[in-house]
Amino acid sequence: MDIRQLSAFCQLCRLKNFTKTAGALGYAQSSITFQIKQLEAELGTKLFERIGKSVYLTESGRRILPHAQKMLFLAKDIKEAANGDASFKGTIAIGAAESICTYRLPYLLKTYKAAHPDVEVCLRLMDYDDFLPALNENRIDIAFSIGVPLNAPSVDILLEHPESIAVLSAPGHPLAGKECISAQDFSGEKFLLTSVECQYHKAFMNDMSEKGVTVCPVLETESLQAIKKMTAIGFGLCVLPEVAVLDEIGGQSLFRLPYKTEYRIVSQVLVHKDKWISPLLDEFVHTVLDEYAKSE
C-alpha cells in the first residue's frame with residue numbers, strides 16, 4: 001500500500017462519493033476506483049459498500065480507518081520534519097470559532113507574524129462539531145473552540161480558558177433599567193440567537209427550559225455582527241460570549257443585563273494527540289499561551 005491509496009481511502013470515508021473524492025484529490029474518478037481496489041486486494045478484504053450513489057464503510061473499513069489516518073499524519077509530519085532546518089517557512093492551518101477568530105486571534109496572529117513573516121497562516125471558520133473531525137483528518141493543525149469543554153481521547157488540550165456569556169439588550173430596553181434580573185424576566189422576551197448547533201445557544205435554551213421559562217426566538221443566524229446590530233436597535237435580546245461584545249458594551253451600543261448564567265462555557269486550544277509539533281507550530285503555541293496569560 002502507499003500514501004496515495006490511504007489518502008483516497010480516508011477522503012472517500014469522509015465524502016462517501018467517488019466523484020467528490022476524485023475532485024478533492026485532483027484525480028480522475030477511475031484513478032480513485034483503481035486505488036481503492038488495489039488497497040482492498042492488498043488487504044484481502046472489502047472496505048466499502050455501494051448503496052445508491054453513496055459508499056459506506058464495511059466493518060473492516062471502520063477498523064482500519066484510525067490506522068490509515070495515523071499513517072497520513074506521520075507522512076505529513078515526516079515532510080515537515082525533513083524541512084525543519086529550513087528556517088521558519090511553511091504553513092499553519094488553524095480552525096477557529098467565529099468569536100475567537102474575530103476577537104482574539106487577530107492579536108495573536110499579529111504578534112506571531114511579526115516574529116515569523118515567512119510563515120503562511122490558513123485560517124478556517126468552523127462550528128463546534130467540526131473541530132474533532134478536522135483534527136482527526138489532519139485538515140487543520142490546531143483548533144480554537146468555544147463551547148462546553150471538548151474532551152476526546154484523540155486530542156490534547158493545550159489551553160482551557162473560562163468564558164463569560166452575556167445576555168444583552170439595547171440601552172433603552174425596559175430590562176436595562178433593572179438592578180437584578182432572574183430567568184423569569186425573560187419569559188416571552190424576543191431573542192436573537194446564533195444557530196441551533198451553537199453551544200452557548202444550546203446552553204441558554206436548556207437553562208431557560210430547566211427553569212420553566214419560555215422565550216421567543218425571532219431570529220437565528222450564524223452572523224454575530226447581524227445579531228449585535230439588530231439587538232442594538234431594539235429588535236430583541238441576545239446571548240453572546242463577552243469577548244465578542246466588549247467594544248459594544250464599552251461604546252454603550254449594547255447593555256449587559258445583570259443576569260448570571262449558571263452553565264460552563266470555555267474556549268480551548270486543541271491539537272491531535274499524535275500531531276508532531278513542528279518548530280512552526282511550537283512557536284505559535286508559545287505565542288498563544290503568552291498572549292492568553294497577558295489577558296488574565
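The values are calculated or read from the model by the stated rules, or taken from the named source; none is laboratory data. Bear in mind that the values here come from a model prediction, so they are computed numbers and not experimental data. For neighbour counting, all protein chains shown are included, and Cβ atoms are generated from backbone atoms with ideal geometry for every residue, glycine included.
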For region 12-26, check the following and say yes or no: at least one residue is modelled with pLDDT under 90, among the small types (Gly, Ala, Ser), touching a helix residue (DSSP H, G or I) at 6+ places or on another chain (Cβ under 8 Å) and within 30 Å of Pro279 (Cβ to Cβ). yes
Of the numbered conditions (1) outside the structural domain of Leu105 (by TED's automatic domain parsing); (2) under 21 Å from Thr111 (Cα atoms), Lys229 satisfies every one except a single condition; which is it? (2)
Within the set of pairs 6+ apart or on separate chains, which have a first residue in region 142-157 that is crowded, with 20+ Cβ neighbours inside 10 Å, a second that is modelled with pLDDT under 95 and of a type in the set (Asp, Glu), and C-beta atoms under 7 Å apart? Ile146/Glu163
For residues that are more than 30 Å from Met71 (Cα to Cα) and at pLDDT below 85, scanning just region 261-276, find the one that is surrounded by the most Cβ atoms within 10 Å (Cβ to Cβ). Thr261
Does Ala244 satisfy the condition of being among the hydrophobic types (A, V, I, L, M, F, W, C) and farther than 21 Å from Lys110 by Cβ? no
Any idea which of Lys70, Lys89, Lys79 is surrounded by 15 or more Cβ atoms within 10 Å (Cβ to Cβ), of a type in the set (Lys, Arg) and at pLDDT below 85? Lys70
At pLDDT below 95, closer than 11 Å to Ile165 by Cα and polar (S, T, N, Q): does that describe Thr214? no
Within region 170-185, which residues are under 15 Å from Gly236 (Cβ atoms), touching a residue at least 60 places away in the same chain (Cβ under 8 Å) and either in a helix (DSSP H, G or I) or not assigned by TED's automatic domain parsing to the domain that holds Arg256 (or both)? Leu175, Ala176, Asp185
One residue is enough: does region 122-141 have a residue meeting the conditions at positive phi, in contact (Cβ under 8 Å) with a residue 24 or more places away in the chain and either out of contact with any Leu (no Cβ under 8 Å at 6 or more places or on another chain) or surrounded by 19 or more Cβ atoms within 10 Å (Cβ to Cβ) (or both)? yes
Test Ala41 against the criterion of being in a helix (DSSP H, G or I) and surrounded by fewer than 17 Cβ atoms within 10 Å (Cβ to Cβ), and give yes or no. yes
Do we find that Thr221 is among the polar types (S, T, N, Q), under 26 Å from Ala97 (Cβ atoms) and either touching an Asp or Glu at 6+ places or on another chain (Cβ under 8 Å) or surrounded by 18 or more Cβ atoms within 10 Å (Cβ to Cβ) (or both) in this structure? no
With respect to the numbered conditions (1) under 18 Å from the mean Cα position of the chain (by Cα); (2) modelled with pLDDT of 90 or more; (3) not acidic (Asp, Glu), which one is the sole condition not fulfilled by Gln184? (1)
